[in-house]
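Since every read-out is calculated from the coordinates, none of them should be taken as a lab result. Just so it is clear, the model here is predicted, and its values are computed rather than measured. Ideal geometry is used to build each Cβ from the backbone, glycine not excepted, and the neighbour counts take in all protein chains shown.
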Amino acid sequence: MKILVPVKRVIDYNVKVRVKADGSGVDLANVKMSMNPFDEIAVEEALRLKEAGKAEEVIVVSVGPQQATETLRTGLAMGADRGILVKTDETTEPLAVAKILKGIVEAEEPGLVILGKQAIDDDCNQTGQMLAALLGWAQGTFASKVDIGDGTVDVTREVDGGLQTVKLKMPAIVTTDLRLNEPRYASLPNIMKAKKKPIDEKTPDDFGVDIAPRLTVVSTAEPAARQAGVKVGSVAELVDKLKNEAGVL
């Protein structure tokens with residue numbers, strides 16, 4: 001069985017994001033980029049399934065500019081077998097990415113697609129669900145545990161009432177949550193070996209996908225600075241502030 005893992009190149013989670021002066025978006029100039037943390041978890045889970053003998057090949061896929069090759073190399077250094085880069089310099093929205101992934105899935109015929117539940121740059125949380133709808137596959141979202149059975153996959157997820165386990169008939173789509181695992185670090189020998197692993201380059205036109213944006217960003221702004229707290233002298237004063245100043249009572 002093949003496992004397909006889409007990965008996204010995003011601003012590193014340790015970097016403080018800066019908004020452009022004109023409010024048109026986020027400033028990406030001279031900013032450290034890395035693999036989306038949720039996608040790292042997806043890669044790790046795919047590798048663990050391969051090591052457990054549940055899969056024979058792990059393929060990482062990215063849609064983005066030429067620099068996304070570095071993100072794919074990270075996945076290859078972790079242990080993935082090969083990579084596919086769908087090269088485009090345009091901003092891609094979840095629906096366009098899902099349509100591209102649909103074309104790749106139809107060509108590669110994986111038994112399982114594992115991807116992060118969302119990207120930390122736009123927080124859309126849509127690609128996995130859209131891909132499942134386009135393919136007509138079963139989906140398990142926000143997975144905190146994944147068990148492969150005989151033609152099925154059990155996905156455990158956290159819900160308000162505790163834990164919920166759904167049994168999916170494969171092929172299936174699984175999106176990962178933070179508690180699923182702890183991604184491994186790529187060793188130096190594996191980083192060197194990753195440079196020799198194959199990466200196929202394609203374009204959205206190869207899949208007949210129009211990636212023109214359907215959404216328009218009106219403005220981008222930094223969140224308001226957090227205000228300092230105050231001490232109150234009594235419960236009555238606290239209630240008064242909550243009622244008349246905060247307006248929450």
Inset, instruction - Return the subset of 117/145; 16/145; 145/193; 20/99 for which the Cα-Cα distance in this structure is over 21 Å, preserving the input order. - result: 16/145; 145/193; 20/99
Legend entry - Residue-averaged 222 nm ellipticity for the chain, from DSSP H runs of 4+ at -39500 (n - 2.57), nearest 500: -7500 deg cm²/dmol
Legend entry - Per-pair calculated FRET efficiency, R0 = 22 Å: residue 167 and residue 120 via Cβ, rounded to 0.05: 0.15
Legend entry - Relative contact order (%) - the chain, alpha-carbon pairs under 8 angstrom, separation at least six: 23 percent
Inset, instruction - For helix 68-78, report the angle its Cα long axis makes with the longest principal axis of the Cα atoms of the chain; keep it between 0 and 90° and round to the nearest 10°. - result: 70 degrees
Inset, instruction - For the chain, set up a Gaussian network in which alpha carbons nearer than 10 Å are linked by springs, and say which option among 69, 175, 92 fluctuates the most. - result: 92
Inset, instruction - Could you run the Debye sum over the Cα atoms of the range 142-182, one equal point scatterer each and no solvent, and tell me log10 of I(q)/I(0) at q = 0.29, 0.33 Å⁻¹, two decimals? - result: -1.01, -1.15
Inset, instruction - Let me know the volume per residue of the alpha-carbon convex hull for the range 76-217, in Å³. - result: 146 Å³
Inset, instruction - Quick one: what are the phi-derived ³J(HN,Hα) couplings along the range 145-158, Karplus 6.51/-1.76/1.60 with θ = phi - 60°, whole Hz, x for glycine and proline? - result: 7, 10, 10, 8, x, 8, x, 9, 9, 8, 10, 9, 9, 8
Legend entry - Shape box of the range 135-207 [Cα atoms, principal axes, largest first, Å]: 46, 34, 26
Inset, instruction - Can you spot the aspartates and glutamates whose alpha carbon is less than 16 Å from residue 195's alpha carbon? Ignore those fewer than 8 places along the same chain. - result: 70, 81
Inset, instruction - Please identify, among 53, 75, 162, the residue showing maximal mean-square fluctuation in a Gaussian network model of the chain using a 10 angstrom Cα cutoff. - result: 162
Inset, instruction - Name the long-range amide H neighbours of residue 176: under 5 Å, sequence gap of 5 or more, or other chain; modelled H, no Pro or chain starts. - result: 115, 116, 117, 142, 143
Inset, instruction - Using Cα positions and a limit of under 23 Å, work out the lysines in reach of residue 196, with same-chain residues fewer than 8 apart set aside. - result: 2, 8, 50, 87
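So for 146, 155, 113, 17, fewest C-beta neighbours within 10 Å to most, what's the order?
Result, fewest neighbours first: 17, 146, 155, 113.
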Inset, instruction - Measure nothing but the geometry: give the 0 to 90° angle between the long axis through the Cα atoms of 37-51 and the longest principal axis through the Cα atoms of the chain, rounded to 10°. - result: 40 degrees
